[in-house]
1. On the basis of being outside any strand (DSSP E or B), within 16 Å of DNA strand B (Cβ to nearest atom), assigned by TED's automatic domain parsing to the domain that holds A:ALA451 and more than 30 Å from the chain's Cα centre (by Cα), does A:ALA354 make the cut?
2. Of everything in segment A:600-619 that's within 16 Å of A:GLN469 (Cβ to Cβ) and part of a loop (DSSP other than H, G, I, E, B), which residue is nearest to DNA strand B (Cβ to nearest atom)?
3. Inspect all residues belonging to segment A:807-819 and state whether any of them is in contact with a helix residue (DSSP H, G or I) (Cβ under 9 Å, 6 or more places away or on another chain), closer than 30 Å to A:GLY459 by Cβ and of a type in the set (S, T, N, Q).
4. If I go through segment A:286-307 residue by residue, how many of them are over 23 Å from A:ARG340 (Cβ atoms) and among the charged types (D, E, K, R)?
5. Could you tell me which numbered condition A:ILE556 fails, if it satisfies all but one of (1) open to solvent by less than 30 Å² (accessible area, probe 1.4 Å); (2) under 26 Å from A:HIS598 (Cα atoms)?
6. Looking only at strands (runs of 3 or more DSSP E) that lie completely in segment A:506-594, which have at least 2 residues being more than 13 Å from DNA strand B (Cβ to nearest atom) and among the β-branched types (Val, Ile, Thr)?
7. State the number of residues belonging to segment A:351-389 that are out of contact with any helix residue (DSSP H, G or I) (no Cβ under 7 Å at 6 or more places or on another chain) and within 12 Å of DNA strand C (Cβ to nearest atom).
Amino acid sequence: MVIRRTEILYNRTAQPKRPKRSNTKPSSSTSPKTKPVHTDKSRKRKAVEMSSSSSSDDEPLLTSPKKPKAGSRRPNGGAVSAKAPPAGEVAKAAVLPNTAVVKASEEDDVSSDDDDAPLTAKAKSKGTAQADPSDSEDAPLAKAASKPKAKRAPPKKAKEESDDDDVFRASTSKAKKAPKTPAKKTKVEPKEESQSPSKSSQSPSKAKAEKKAKAKKEEEEQEEIHKWWEQEALGDGTQKWSTLEHQGVLFPPPYESLPKAVKLYYDGESVNLSIEAEEVAGFFAAMLETDHAKDATFCKNFFTDFKAVLARHPPLDGTVISDFEKCDFTKMYNYFEEERTKKKALPAAAKKEAKAEKDKAEAKYVYCLLDGRKEKVGNFRAEPPGLFRGRGDHPRKGALKHRLSPGDITINIGKEAQIPVPNVPGTWGKVIHDDTVTWLAHWKENINGNAKYVFLAAGSSLKGQSDMQKFEKARELKNHIDRVRDDYNSKLTSRVTQERQMATALYFIDKLALRAGNEKGDDEADTVGCCSLRYEHVTLQPTDRLVFDFLGKDSIRYYKVVDVEPQVYKNIRIFKGDNKTEGDAIFDRVTTTSINKHLNSYMKGLTAKVFRTYNASITFQQQLEERTPKDGSMIEKLAAYNEANRMVAILCNHQKSVSKNHGASMEKMENQVSGIRLMFLLLTRLLTSCRSELSSTNAANLEYRKQENIAEDESDVDDEWIATFEDESREREIEKAKKKFEKDNEKKAAEGEEELKPDVLEDRIAKVNEEYDRLKTERGTDKVEIKGKKTEEQILAAIEKLDTRIKTEKFKMEDKEKGKEVSLGTSKINYLDPRITTAWCKKYNVPIEKLFSKTLMVKFPWAMEVEDSWVF
DNA sequence: CATCCAAACTCGGAGCCGCCTGC
DNA sequence: CGCAGGCGGCTCCGAGTTTGGAT
């Protein structure tokens, strides 16, 4: 499997440059042509760009960095691989002329599909080989493993345990309930802060004292961490807490009406809106310049809801608003913009103060008390009213999201805890004491009737535990994966359609990391996953190649060209065959429920999404193993890590839109590199003249490279280029000088000093020109002057330095280019077992901070202590 | 020290999956 | 009694905003 996975990663033929979120932003000009991908259900969706440009296939994501020049790099359209099948393959394809024939041949090729057997075998051998024998795999496991075991322990055990807790309960003062098994954690009291700093403040110097206090505090905080992962048992998972105290949700401040002068205009006249209607109009006005306001569905839904509000709260001046087109929101929009810039321009101190105030108001909501422990709450703010921003072609986008009041909220809290008082008038809709769930508050959102919750933060013990369980479950799949694969591979030829469909679907879920694909309703965006794949989402190409093109979760386009097992190819032919057409499900005998049920028979708790976690993590681990240079530099190691991360992101189809200044940014880097190259060239020349052996620049260059073993770069630094570069640099410096001059004067004016005379500026410019004129005369000659470089050794050292700088810069650029539309964060947060990273860090002596951000560190405390030999 | 830009974090919508319920 | 459909609870997801580091 290890090997196969890689193959898949590489086999993908070039992706057409995804029209990033093309459907989300139909108006976006960057997504070019579209080919109809619709179904009879969701009709207007168009999506996919199809490029006519043929292009190489087996060359994914990597666009070789070229010279920037203008906005040249917009990859227009992608390349659907229009590869001409090799002759031999054509013949093969002829084997599958039509469904009938295929059907007839169904039973035939059982032999051909256990092609996967070697796969698993490989995986096994490789796995063990690198896993550094059995015990290394088991030892760390055993350590952490008390949990998995415990998890499976009968519920009774947990019960006993929680009963035990009661013994401790009495001891905690404030909460009058106590932590579970306090043995391992050192300190639990939430009210620490006050004492320690003051105690430690005996230090002489103030700064020192402060520092010390800080250190001490940190230390203390560390001590306080509840190391639940070191505890024996986690309980049976039904009871999530025994005591719980929190403040409920924080409501946004009530709406304040706009200044009198700021009005909605209707048919050219200002309207005196009711305050309720004004708020809603404001929601739209604020989004006037976004793509949303240009979206028909969005506007339609907004206006419907707006009119409903108007009906309840009519304009005070009797205006009747019935035509969206006649509404003019610009005055409101402008006002918001003004406010925004005003706010931005506020002095830093004022900003700080405002923030401090806000923090203070929110402070008590930030933490809750779970089993007596202070734990961070996730999103404690009630979602403010606004317009629903559905993703993709969501039928409800633009609808008005109501303002919540306490009556809408259900609070879940410990029986003995004090019930919080809402920060706005009203009382909680309901207060319950359900210790089998993890949410603190809950309400129903009015758009789709979906439930919303307040949960603990990602770094909390509750979240951490379930996160770890998720990865443990994925690891458990390792023990069953061979069996599962053998099974679905053999069933690819089953005579029972249902089995065959299930096997094929599983193949996709496993190999392509597709999501399960639940059915969706009419009131939701038309997106699909494996089971909901329709006729038009998969097309067949000669020689066992499938083209997937559909919108997945969040309306992210999934476009991949994949070479599959011949039998899978045949199966898709069959499933698409006969009387099916666009809009029909490919897997009509399989549902997410049936798949999960089936999977559960291999392993308790096994579901489709476990495959995503498993494959992501195992691929990551294996890619790391492969790519990490054993004694490379830090940069190289980090690059390898990144690359492994990227492979996973590609597998999981985690995308991001290309940032709008990507092109400019690349150009800038390119320019920098060119600058360095020029310097490089000059220095080589200088070296030449210094040695006075060779006279030709190129010869010197070559000579140098030969001697010092420095790689030839495809440098396009020729004389002509140097000329433009120098001219441009000259321009830039002159601009800079002008700017500086103005600034200096502003400063002087502010300080009441006399302004600089214009000739000072001219002087400065002259200096720049002088310098560049000199360069110009030197251009193409051997005469080079670079200050500071005297001896041959110095020059050589400088050249060497430049060379590595060029290399690292270029490397950075490649990395950036490759990653411009791949989002690495999602997999890092959700799919990659953090212990793979921590073990790798230890093994290769890389500081974890280079890979995990602060929040990630907070999220994964449980992964920090594994040994370097730990394997997923 | 201001400015610029990328990384980090916040936000809230989307999807998965188990369980309950009602036919 | 079986199972489909809906709901509850939780993970996952990229955009948008904020932060902070480089220069």
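The values are calculated or read from the model by the stated rules, or taken from the named source; none is laboratory data. It should be emphasised that the depicted structure is a prediction, and the values quoted were computed from it without experimental measurement. Quick reminder, even Gly has a Cβ in these numbers, built from the backbone with ideal geometry, and neighbours come from all protein chains shown. Side chains included, ligands, DNA and RNA excluded: accessible areas come from the protein's heavy atoms. Shrake-Rupley method; radii C 1.70, N 1.55, O 1.52, S 1.80 Å.
1. Details: outside any strand (DSSP E or B): yes; within 16 Å of DNA strand B (Cβ to nearest atom): yes; assigned by TED's automatic domain parsing to the domain that holds A:ALA451: yes; more than 30 Å from the chain's Cα centre (by Cα): yes.
The answer is yes for A:ALA354.
2. Restricting to residues being within 16 Å of A:GLN469 (Cβ to Cβ) and part of a loop (DSSP other than H, G, I, E, B), the top hit is A:THR607.
3. no
4. Total meeting the criteria: 3.
5. For A:ILE556, the exception is condition (2).
6. Working: elements: A:538-541, A:545-551, A:557-563.
Per the criteria, A:538-541, A:557-563.
7. Result for segment A:351-389: 9.
Yes/no matrix, rows are residues, columns are (1) loosely packed, with under 15 Cβ neighbours inside 10 Å; (2) assigned to a helix (DSSP H, G or I):
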| residue | (1), (2) |
| --- | --- |
| A:CYS299 | no, yes |
| A:THR304 | yes, yes |
| A:LYS331 | no, yes |
| A:LYS342 | yes, yes |
| A:GLU375 | no, no |
| A:PRO384 | yes, no |
